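Chemist: Handing you this structure, nothing more for now.
Just so it is clear, none of the values below were taken in a lab; they were calculated from the coordinates. Predicted model, so just to flag it, every value in this text is computed and none were measured. Cβ coordinates were reconstructed from backbone atoms using ideal geometry, including for glycine residues, and neighbour counts include every protein chain displayed.
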Amino acid sequence: MAASRRSRDGLGPTGRPLPHFGRPHPRQAGGPAEVIALCNQKGGVGKTTTTINVGAALAEYGRRVLLLDFDPQGALGAGVGIHPHTLEHTIYDVMIGGEVSAQDVIRPTSVPGMDLLPANIDLSGAELLLVSEVGREQALTRALRPIRDAYDVILIDCQPSLGLLTVNALTAADWVMIPVECEYFSLRGVALLQDTIGKIQDRTNPDLRLLGVLPTMVDRTVHAREVLGRVVEAFGEQVFHTVVTRTVKFPETTVAGVPITTYAPDSAAAAAYRQLAREVLARIEPGSVAVTAPDHDAPGDAQHGAAGDGGAGEDPPTEQLALG
Ligand SMILES: Nc1ncnc2c1ncn2[C@@H]1O[C@H](COP(=O)(O)OP(=O)(O)OP(=O)(O)O)[C@@H](O)[C@H]1O
Ligand SMILES: [Mg+2]
């Protein structure tokens with residue numbers, strides 16, 4: 001099998017040498033949360049699934065995590081068991097009107113250390129109301145300012161559009177993560193998204209950086225492998241080493257209203273999101289994760305097509321790799 005031959009060669013699922021991401025140290029620096037927008041205007045690529053599951057894995061590693069639902073569909077809230085129609089206040093009330101603060105709206109989830117700032121259909125009216133406002137691109141930046149010190153990581157689940165709400169998310173963010181479904185047309189829209197990111201960097205947020213491109217829905221078909229190869233060709237080192245394989249477990253977790261790390265903690269899918277969380281931390285908190293070069297005896301080498309949990313990460317680092 002190609003996948004097992006790859007793993008014997010020390011190559012990961014993206015065809016590049018797979019480093020080992022060690023267990024994260026506690027967060028060193030205090031200060032404001034790192035804000036990550038999960039963005040792709042294509043629908044159904046795994047933005048919400050990734051927000052929930054990478055958030056839960058980051059919380060397992062001791063990070064204080066806030067999930068911000070920035071999609072009027074409210075799928076993020078539903079995915080952690082908080083249903084949009086039960087909410088009195090949402091991010092909409094924090095951004096529009098100004099009488100409700102983010103602290104008033106935030107709710108704990110079932111995952112210790114992970115909170116939710118929810119949305120519901122009201123948010124679909126926000127774009128129209130914001131259009132005539134001064135500083136319309138910064139409404140979310142203003143809403144998040146009072147709570148940034150209370151978290152280590154804030155993950156923004158964007159809606160599938162490049163409208164004003166997404167512009168607000170990218171303006172408030174330090175980083176953008178792009179989940180890309182490994183399907184034929186998936187790369188087409190990414191050029192447009194990159195264009196939008198470039199405009200945001202020019203006009204409203206010069207500090208915005210690409211955190212990485214995450215291949216999702218990867219399966220064992222030749223087609224998915226080909227698309228994955230093209231993603232790596234197009235984005236090089238910006239592609240995460242971790243990929244998320246296609247599994248029916250994710251739709252099941254949505255019904256259960258809990259992350260995969262709770263629903264099936266020992267599954268390969270949970271391991272993938274834990275590895276992704278370590279890889280994210282290696283990029284946003286340099287020094288908090290030991291990144292070791294591929295080694296034929298390293299636990300990461302046991303992985304096949306999907307990302308596995310690289311073990312507890314006790315092995316001493318041998319070489320610090322440059323990422324990003
Ligand atoms: N790795 C996966 N394997 C199989 N199904 C998945 C996977 N990731 C997500 N899904 C399922 O695919 C659907 C779309 O995923 P998700 O809602 O995360 O995408 P999205 O990008 O947030 O979509 P939207 O653009 O509509 O907000 C959901 O039903 C989800 O359960
Ligand atoms: Mg979504």
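Chemist: Which ordering of ASP71, ASP207 is given by a fewest-first count of other beta-carbon atoms within 10 Å?
Modeler: Fewest to most other Cβ atoms nearby, the residues stand as ASP207, ASP71.
Chemist: Quick one: which residues, 5+ away or cross-chain, put their amide H under 5 Å from the amide H of ARG64? H built at 1.01 Å from N.
Modeler: When sequence neighbours closer than 5 places are left aside, the close amide H contacts are ASP152, VAL153.
Chemist: To continue, here is another question. Round to the nearest 0.05 the FRET efficiency obtained for THR86 and ASP202 when R0 = 41 Å and r is the Cβ-Cβ distance.
Modeler: Values: r = 41 Å, r/R0 = 0.99.
The value I calculate is 0.50.
Chemist: Give the Debye-formula value of log10 I(q)/I(0) at each listed q (0.09, 0.10, 0.15 Å⁻¹), with one equal scatterer per alpha carbon of the range 1-159, two decimals each.
Modeler: -0.35, -0.43, -0.83
Chemist: Taking Cα pairs under 8 Å and at least six residues apart, what relative contact order does the chain come out at, in percent?
Modeler: About 29 percent, as a whole number.
Chemist: Rounded to the nearest angstrom and ordered from largest down, what semi-axes does the equivalent ellipsoid of the chain get from its C-alpha gyration tensor (root of 5λ)? Let's see the in-between values first.
Modeler: Working: eigenvalues 200, 83, 71 Å².
In descending order, the three semi-axes are 32, 20, 19 Å.
Chemist: Could I ask something else about it? If I take R0 = 35 Å and measure r between the Cβ atoms of ARG188 and SER267 in this structure, what FRET efficiency does the formula 1/(1 + (r/R0)^6) give, to the nearest 0.05? Present the calculation step by step, with values, prior to reporting the outcome.
Modeler: Values: r = 32 Å, r/R0 = 0.90.
Result of the calculation: an efficiency of 0.65.
Chemist: Next question. Less than 24 Å apart at the alpha-carbon level, and either on another chain or at least 8 residues along: which lysines does that give for LYS199?
Modeler: Within the straight-line cut-off, LYS199 pairs with LYS42, LYS47.
Chemist: Separate question: As a test of the formula, what do you get for the chain when each DSSP H run with n ≥ 4 contributes -39,500 (n - 2.57) and the sum is divided by the residue count, at 222 nm and rounded to the nearest 500 deg cm²/dmol?
Modeler: It lands at -10000 deg cm²/dmol.
Chemist: Right, next: Where nothing but the Cβ of Lys and Arg (+1) and of Asp and Glu (-1) is charged, how large is the charge dipole of the chain around its Cα centre, in debye to the nearest 20?
Modeler: For this selection, approximately 500 debye.
Chemist: Let me ask something additional. Report the paramagnetic label zone for ALA234: residues of the range 191-213 whose backbone N is under 18 Å from a point 7 Å from Cα along the Cα-to-Cβ axis.
Modeler: 191-199, 210-213, by backbone N distance to the label point.
Chemist: While we're here: Pick out, from TYR151, LEU170, PRO13, the residue whose Cα sits farthest towards the positive end of the charge dipole of the chain, with +1 on the Cβ of Lys and Arg and -1 on the Cβ of Asp and Glu.
Modeler: PRO13
Chemist: Using θ = phi - 60° and the Karplus curve 6.51 cos²θ - 1.76 cosθ + 1.60, what whole-Hz ³J(HN,Hα) does each residue of the range 132-138 get, with Gly and Pro shown as x?
Modeler: Once rounded to whole Hz, the list reads 8, 7, 6, x, 5, 6, 9.
Chemist: Another one. Please work out how much length the chain gains when fully extended from LYS249 to ASP149, using 0.36 nm per residue of separation minus the C-alpha to C-alpha distance, in nm with one decimal. Before the final figure, lay out each step's value.
Modeler: Details: separation 100, 0.36 × 100 = 36.00 nm, distance 3.41 nm.
That works out to 32.6 nm of additional length.
Chemist: Further question: Out of the DSSP beta bridges found with both residues in the range 30-281, what percent are antiparallel (nearest 5)?
Modeler: Percentage antiparallel, nearest 5: 5.
Chemist: Let me know the longest stretch in the chain that avoids all GluC sites (Glu not before Pro) found in a DSSP loop with at most 11 other C-beta atoms within 10 Å.
Modeler: 100-313
Chemist: 7 Å from Cα along Cα→Cβ at both SER124 and ARG107: what's the point-to-point distance in nm?
Modeler: 2.1
Chemist: Using the Kirkwood radius over Cα pairs, work out the Stokes-Einstein diffusion coefficient for the range 168-213 at 20 °C and 1.002 mPa s, in µm²/s as a whole number.
Modeler: Taking Rh from Cα pairs, D becomes 193 µm²/s.
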